[in-house]
Amino acid sequence: MNIFDWLKENGYDYTWNFKLGGKLADIIAFNKNEIVAFEVKKSAREIPTAVGQCMHYLEDANKSYVILPSKETNSLTKSSMALLKKLGIGLLQDEKNVKILLEAKKFPRSNKHIIEKLKEKSISGPRLNVQTTKEEKEKEIIEILKKHPEGLMIVSIGKELNLHRNTVSKYIFGLVMAGIVTQRRIGVVSLCYLNEAVRKAGGPRMLGKSSKAVS
């Protein structure tokens, strides 16, 4: 069960491209009582950076979690775990299945007005116009990557779509979780590739089936 299905099963709606504490969280989950912010990182070495971002989110959110791939959780140091615990930041392992490694502390916040704004941006709720736009952008990204088998940076995709790189990152994250796109680091550059199986299947035709895992 991926992070999005896990959130829905636990009674949360979710969105992204919304600022908490002045920063854009990778995923924002919410219900009528609380806001939970998630910061996705690829490496355990990024924990200090993730902590700084999560502290910003906690200005508005009740809880905050760092998400790491399972292969990286074995590289976590005792000092990183101690820092997360001290600050009340949780830790999730997520690839194909979500696992809570450290529960987040719940902080009291006067954020009902923010929850109301998040409802307008919900991706998991019955707002078909929002979902349709998301699927259209995902299909556009797939079409772009089909034309660039050598890979593209997120900023380059953003230029072609006239979107901010943070917005593109959210779409790429969903496509990676669905197994449609792969990201690889080449030196200091991170490139996005359309998975070969998807490319051979014709690209966007895969999206209708796979996007259920990310919506």
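Just a few scattered comments:
- Qualifying residue in region 45-66 (condition: in contact (Cβ under 8 Å) with a residue 60 or more places away in the chain, under 21 Å from residue 175 (Cα atoms) and not hydroxyl-bearing (Ser, Thr, Tyr)): no
- The residue that is surrounded by the fewest Cβ atoms within 10 Å (Cβ to Cβ), counting only those in region 38-49 that are within 20 Å of residue 17 (Cβ to Cβ) and in contact with a helix residue (DSSP H, G or I) (Cβ under 6 Å, 6 or more places away or on another chain), is 41.
- Hits in region 28-44 (condition: among the hydrophobic types (A, V, I, L, M, F, W, C), without any contact (Cβ under 8 Å) to a residue 60 or more places away in the chain and touching a Phe, Trp or Tyr at 6+ places or on another chain (Cβ under 8 Å)): 29, 37, 38
- Qualifying residue in region 167-175 (condition: modelled with pLDDT under 85, of a type outside the set (Gly, Ala, Ser) and part of a helix (DSSP H, G or I)): yes
- Only one of the numbered conditions (1) surrounded by fewer than 16 Cβ atoms within 10 Å (Cβ to Cβ); (2) over 16 Å from the mean Cα position of the chain (by Cα); (3) among the charged types (D, E, K, R) is violated by residue 19, and that is (2).
- Taking region 159-177 as the range and being more than 20 Å from residue 39 (Cβ to Cβ) and either buried (at least 19 other Cβ atoms within 10 Å of the Cβ) or not basic (Lys, Arg) (or both) as the test, the residues that pass are 160, 161, 162, 163.
- Residue within region 74-88 that is surrounded by fewer than 20 Cβ atoms within 10 Å (Cβ to Cβ), touching a residue at least 60 places away in the same chain (Cβ under 8 Å), outside the structural domain of residue 181 (by TED's automatic domain parsing) and of a type in the set (Val, Ile, Thr) present: no
Residue by residue, here is whether (1) buried (at least 17 other Cβ atoms within 10 Å of the Cβ); (2) part of a loop (DSSP other than H, G, I, E, B) holds:
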position: 1; (1), (2): no, yes
position: 28; (1), (2): yes, no
position: 32; (1), (2): no, yes
position: 36; (1), (2): yes, no
position: 51; (1), (2): yes, no
position: 59; (1), (2): no, yes
position: 71; (1), (2): no, no
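The values are calculated or read from the model by the stated rules, or taken from the named source; none is laboratory data. Keep in mind it's a predicted model, so treat the numbers as computed, not measured. Note that we place each Cβ from the backbone using ideal geometry, even for glycine, and neighbour counts take in every protein chain shown.
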